[in-house]
Amino acid sequence: MNESADASKTDYVSSQKQLLHEMTMNRLCLWSIVTCLLCGTDGLKLNYKVKKHGMLGEPAVDSNITLPPDQWFNQKLDHFNPSDTRTWSQRYFTNDTFFYHDGPVFLMIGGEGTASPKWMVAGQWIELAMMYGALCFQVEHRYYGISHPTKDSGVKNLAYLSSEQALADLAFFIESMNDAKNLTSSKWIVFGGSYPGSLAAWMRVKYPHLVHGAVSSSGPLLAKADFKDYMVVVRDSVSSYSEDCVKEIKRATEEVRTAVEGGEAGDDLKEIFRLCDSLNSSNANDVSNFYETLAGNWAGIVQYNKDNREFEGAKGANITINVACDVMTAEDNEKAIHHYAKLNSMLLDAYGEKCLDFKYSKMINDLRNTTWGNEGEGAARLWTYQTCTEFGFFQTSNAINQPFGRKFPLEFFQRQCEDIYGTKFDAKFLNNAIRRTNIFYGGYNIDVRRVVFIHGSVDPWHALGITKSLSEDAPAIFINGTAHCADMYPSSEKDPPQLLRAREKIKDIIGEWMGHQNLKYSAICCVLFALLLGTDAVKYTMRGKLNKVLRGPPIPANTPYPSEQWFTQKLDHFNQGDSRVWQQRYFTNSSFHTPGGPAFLMIGGEGPIGAGWMLYGQWIELAQMHGAICFQLEHRFYGKSHPTSDLSLENLAYLTSEQGLADLAYFIESMNQQWNLGGSKWIVFGGSYPGSLAAWMRVKYPQLVYGAVSSSGPILAKADFKEYMEVVSDSLAYYNPNCVQQIRTATSQITSRIESGQDVSQLFRLCYQLNPYNQQDVSNFYELMANNFAFIVQYNQWDTTAMNIKSACDVLDRNDGRQAIDRYAELNSMIMDGVGESCLNFDYQATIDYIRNTNWGDENTMYRQWFYQTCNEFGFYQTSNSSNQPFGNQFPLSFFAQQCTDVFGPNFNINSIQASIDRTNADYGGLQIDASRVIFVHGSIDPWHALGLTHTVSQDSPAIYIEGTSHCADMMPSSYLDSAELKAAHEQVRSIVGQWL
């Protein structure tokens, strides 16, 4: 930057700070970070009635302050379909005026309206940013303002408008800014009011590894169709000022009813209430709309009562509860209906409206418009869609104890959903959507830390929020006498004492967050089977080693197995418009269950689930101990759980860990209802890939899963997993230091023979002669040789009959006068004989052709599916890129990346693999995972521990690192053969699970 630019920035910073301090006497309604009421259809109706931005004017900002310019972020259209590469430009703003090195980062979350740069220079959060030296961002919500992901807002395109997609937008924005501005050591705090207040809390639920803390102001957390409580709070808030006022409203409503039902008062009502058209009393929709609009007058007055908007010239801000009630209770001998109408006229005049438009058909036609208009236009259609597909939030007249009549019941709002978006969006659709939202986020049972929930007693939305502290680190601040998002304005000498105390408490809480290290939480589980072996699993199972890899617990003969059961599962949890379902297999064992006991869920992975696991294993011993009901759910696309007709690339788009986690969430909710388990604590168990899923369930669905036992689960996605072969080498050396040197010598001898043109096909029982000029075949051969030891090490001592490290090294280190390559070949033959192989097929093209097969095979078919997940989410390629291993350097990362390209096409390449891995780690946190009540169990011999948590990061996220044990060893039934270290680990897991229960 040149000197003039430096001086310009210095002047800018100086002027900004001075003017911002001078502005602290101003009142800025920070609730308009959403630029739209979170009033369900009330908010929409008011916007519809009084122009799009009527009650939501921007705050007044000193004209001398330079506002930050628009900036644009390249955002993904669909975060939950990795094969969809479409992107769009999302608007955001930045203010780095106060930022100092390693200071926090504050993010204001945009909501259902236009994001304004004026919020970047004023508001309570800006005062906090000045205090703590924070960098400030504001991100506009997808589809609102001018952040348009699609060409229009047709129903098909609105499938990408959801809170889940919006949260993922924020997650990727945070990751991008961390990289672009080197913010990895900074703590992110998110702020939101109203709907963004909900998003702020949910960011801590879904992305706790990215967001250190959240300030959730007036955020409703429970999705609910019939939000009849809203009008009850409106009534209570009015009553707190004047009970006579409530009586007058009720009397006015009754007089309106008499006039409407009389059938001859259309013109009279038109004149009294300044209606744009005469009211036809036989048109039920118009009548309902008229009643709801009159009630909406009071809803708006109460919700934003005394919110200090008058300083900024906000329309209607001076019409407070006391002003409105003074009108209603005036002693002027007029009927209550005329007082009601006078208040309506005051609001029409405040918003510059000549008449009140109540026509239902006109409202519906306007909300059907799918074209993008000027900035901010169309928000009503967008927000209505979200209420119809996610939240409900319909402020109905169904409550008896409210004074606004009974003419706008839930059915009135449900009808709007169908009339605007189509008959598919009916009551059943709405109820399922609301149930899904509460499953995803937890509703009132949200499980979070470092979130402060703030509500005002006058604000009707507090009825759907958290108003009592959940825990010491999830406090609720309930401010008597304040309205919607009142805490978000700048401090003022006119603030009531209770609001001042709330501001001070918020400041102190954020200070505590800034002064403590971000704790990472984890926990425990136990699983059935799973290998999580990347292409190793594919290659080795293709060599006939599937039974050896996926061995379950030993089951006595003639043991009766539980029967298969089937669960109706949704195909795409992240597309509201996709109603396709499929049948998912599961098992149940209720033989130990006692009323009120816990529920144990074993998570299926990249293979078929096994009924044997429902009878034996460490988790079953725990179930007997605690009276648990046990379930095992098969992972989508594996075993017999086939969501689609084949394994085409198009269908594999529905095979992701995110969809797998959502499957588990819906299964839990269904079993809660079927078995009446609402009060039971769910503990999930998983080993290997399901071990990762177990931990991630606590990250994504903590409201459903109380604890998790994650055995041998890699939680860091990584392309070049060169550490795998390093641990294999270290584990061999742990038993026999000479063993590694023998392998290194044998590998060198193989290389010498191949490079000199000598044939090794007979020595290693190859199916064909190895062509030294076919690098892919050569790489495949070397990797297969290394995998002999990978599997021996990874599953060392699963039972006493299998080949283990000691027996393998005894062969290699035998002093029999032969070369190392001969003993290496002998060991390969022993392994081949053990699995019934006559020859070793190293043909690269045959491997590719096999994995390209898109047909379903038997229930053990897993090669193509798991390979897709490695190419699309995880990587996990055990390469030869490290020099600290004895298997040569012939299978580098490029060898595995080429396989992805050859199987799935050119869109799957080294760049796309890395992008997918970055996304996975951003989504789950990698080694920075933030989850409580998870036990991470790893064995020192298991190579996968290199991608897992092996050191305890907090008291309630313990890691158990078992010296001398291998992959998922802790999951097998207790045995007298168990080492002292393994016995101690079993006891520790039992103790922790016991404390949870």
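The values are calculated or read from the model by the stated rules, or taken from the named source; none is laboratory data. What you see is a predicted model, and the numbers here were worked out from it, not measured in a lab. Every residue, glycine as well, gets a Cβ built from its backbone with ideal geometry; the counts of neighbours run over all protein chains shown. The protein model used for the area step is the full one, side chains on, heavy atoms only, and it has no ligands, DNA or RNA in it. Shrake-Rupley method; radii C 1.70, N 1.55, O 1.52, S 1.80 Å.
For the stretch 721-744, give me the residue count where each residue is under 30 Å from Ile913 (Cα atoms) and of a type in the set (Phe, Trp, Tyr).
Summing the residues that are under 30 Å from Ile913 (Cα atoms) and of a type in the set (Phe, Trp, Tyr) in the stretch 721-744 gives 2.
Please specify each residue of the stretch 701-721 satisfying the condition of being part of a loop (DSSP other than H, G, I, E, B), under 13 Å from Thr870 (Cβ atoms) and small (Gly, Ala, Ser).
Answer for the stretch 701-721, where residues must be part of a loop (DSSP other than H, G, I, E, B), under 13 Å from Thr870 (Cβ atoms) and small (Gly, Ala, Ser): just Ala717.
Test Glu377 against the stated conditions and say whether it is in contact (Cβ under 8 Å) with a residue 12 or more places away in the chain and among the charged types (D, E, K, R).
Criteria met by Glu377.
Going by the structure shown, is Ile848 within 22 Å of Asn771 (Cα to Cα), open to solvent by less than 10 Å² (accessible area, probe 1.4 Å) and out of contact with any His (no Cβ under 6 Å at 6 or more places or on another chain)?
In short, yes.
Can you run down the residue pairs with Cβ atoms below 8 Å, 6 or more apart or on separate chains, where the first is in the stretch 228-245 and more than 14 Å from Gly481 (Cα to Cα) and the partner is of a type in the set (Asp, Glu) and open to solvent by less than 10 Å² (accessible area, probe 1.4 Å)?
Pairs found: Tyr230/Asp42.
Out of all the residues in the stretch 947-973, which are small (Gly, Ala, Ser), surrounded by fewer than 24 Cβ atoms within 10 Å (Cβ to Cβ) and under 29 Å from Leu704 (Cα atoms)?
The answer is Ser954, Ala959.
Report, by residue number, each residue of the stretch 844-898 that is in contact (Cβ under 8 Å) with a residue 24 or more places away in the chain and charged (D, E, K, R).
Arg852, Glu859, Arg864, Glu873
What is the one condition in (1) among the aliphatic types (A, V, I, L, M); (2) surrounded by fewer than 24 Cβ atoms within 10 Å (Cβ to Cβ); (3) modelled with pLDDT under 95 that Leu210 does not satisfy?
Condition not satisfied by Leu210: (3).
Could you look through the stretch 473-524, keep only residues that are closer than 30 Å to Ser711 by Cα and surrounded by fewer than 18 Cβ atoms within 10 Å (Cβ to Cβ), and pick out the one that is modelled with the lowest pLDDT?
Leu519
Looking at Asn438 and the list (1) open to solvent by 30 Å² or more (accessible area, probe 1.4 Å); (2) assigned to a strand (DSSP E or B), which single condition is not satisfied?
Failed condition: (2).
Condition (residue is in contact with a Gly (Cβ under 9 Å, 6 or more places away or on another chain), in contact (Cβ under 8 Å) with a residue 60 or more places away in the chain and open to solvent by 40 Å² or more (accessible area, probe 1.4 Å)) applied to the stretch 219-227: is it met by at least one residue?
yes
Please specify each residue of the stretch 116-169 satisfying the condition of being over 24 Å from Lys424 (Cβ atoms), open to solvent by less than 10 Å² (accessible area, probe 1.4 Å) and of a type in the set (S, T, N, Q).
Ser116, Gln138, Ser147
In the stretch 318-373, what residues are open to solvent by 50 Å² or more (accessible area, probe 1.4 Å), within 29 Å of Glu418 (Cβ to Cβ) and acidic (Asp, Glu)?
Asp366
If I ask for residues that are surrounded by fewer than 24 Cβ atoms within 10 Å (Cβ to Cβ) and more than 26 Å from the chain's Cα centre (by Cα), which ones from the stretch 934-946 would you list?
Once the filter is applied, which keeps residues that are surrounded by fewer than 24 Cβ atoms within 10 Å (Cβ to Cβ) and more than 26 Å from the chain's Cα centre (by Cα), the stretch 934-946 yields only Ser940.
Scan the stretch 719-750 for residues that are open to solvent by less than 60 Å² (accessible area, probe 1.4 Å) and closer than 17 Å to Ser882 by Cβ and report the count.
Adding up the residues that qualify gives 16.
Considering only residues of the stretch 866-892 that are assigned to a helix (DSSP H, G or I) and touching a helix residue (DSSP H, G or I) at 6+ places or on another chain (Cβ under 7 Å), which is surrounded by the fewest Cβ atoms within 10 Å (Cβ to Cβ)?
Glu873
Can you confirm whether the stretch 70-79 contains a residue that is open to solvent by less than 20 Å² (accessible area, probe 1.4 Å), part of a loop (DSSP other than H, G, I, E, B), more than 22 Å from Thr370 (Cα to Cα) and at pLDDT below 90?
No.
If I go through the stretch 394-412 residue by residue, how many of them are in contact with a helix residue (DSSP H, G or I) (Cβ under 7 Å, 6 or more places away or on another chain) and either of a type in the set (Asp, Glu) or not in a loop (DSSP other than H, G, I, E, B) (or both)?
Total meeting the criteria: 2.
Report, ordered by the first and then the second residue, all pairs with beta carbons closer than 8 Å, sequence separation of six or more or different chains, a first member in the stretch 726-750 that is in a helix (DSSP H, G or I), and a second member that is open to solvent by less than 70 Å² (accessible area, probe 1.4 Å) and of a type in the set (Lys, Arg).
Qualifying pairs under 8 Å: Gln742/Arg823; Ala746/Arg823.
Conditions tested, residue by residue: (1) out of contact with any Ser or Thr (no Cβ under 9 Å at 6 or more places or on another chain); (2) of a type outside the set (Phe, Trp, Tyr); (3) on the phi < 0 side of the Ramachandran plot.
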| residue | (1), (2), (3) |
| --- | --- |
| Ala695 | no, yes, yes |
| Lys700 | yes, yes, yes |
| Val709 | yes, yes, yes |
| Gly713 | no, yes, yes |
| Phe721 | no, no, yes |
| Ser729 | no, yes, yes |
| Asn738 | yes, yes, yes |
| Leu766 | yes, yes, yes |
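Within the stretch 125-224, which helices (runs of 4 or more DSSP H) (wholly inside it) include 3 or more residues that are touching a helix residue (DSSP H, G or I) at 6+ places or on another chain (Cβ under 8 Å)?
Fully inside the stretch 125-224 and qualifying: 163-181, 195-206.
Can you tell me which condition Leu410 does not meet? The list is (1) within 24 Å of Phe227 (Cα to Cα); (2) of a type in the set (A, V, I, L, M); (3) touching a residue at least 12 places away in the same chain (Cβ under 8 Å); (4) surrounded by fewer than 18 Cβ atoms within 10 Å (Cβ to Cβ), and all the others hold.
(4)
Which ones in the stretch 550-573 are at pLDDT below 70 and among the aliphatic types (A, V, I, L, M)?
Within the stretch 550-573, Leu550, Ile555, Ala557 meet the criteria.
Being buried (at least 21 other Cβ atoms within 10 Å of the Cβ), under 20 Å from Asn672 (Cα atoms), at pLDDT below 95 and within 31 Å of the chain's Cα centre (by Cα) narrows it down to one of Ala599, Ala623, so name that one.
Answer to the selection: Ala623.
Does the stretch 462-472 contain any residue that is open to solvent by 10 Å² or more (accessible area, probe 1.4 Å), of a type outside the set (A, V, I, L, M, F, W, C) and assigned to a helix (DSSP H, G or I)?
yes
Condition check ((1) without any contact (Cβ under 8 Å) to a residue 60 or more places away in the chain; (2) over 41 Å from the mean Cα position of the chain (by Cα); (3) part of a loop (DSSP other than H, G, I, E, B)) across all residues:
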site: Leu343; (1), (2), (3): yes, yes, no
site: Glu353; (1), (2), (3): no, yes, yes
site: Asn365; (1), (2), (3): yes, no, no
site: Thr384; (1), (2), (3): no, no, no
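With respect to Glu650, determine if the residue is under 23 Å from Asn872 (Cα atoms) and crowded, with 21+ Cβ neighbours inside 10 Å.
Considered against the rule, which asks whether it is under 23 Å from Asn872 (Cα atoms) and crowded, with 21+ Cβ neighbours inside 10 Å, Glu650 comes out as no.
If Ala931 satisfies all but one of (1) farther than 30 Å from Arg864 by Cα; (2) open to solvent by 20 Å² or more (accessible area, probe 1.4 Å), what's the number of the condition it fails?
The one condition Ala931 does not meet is (2).
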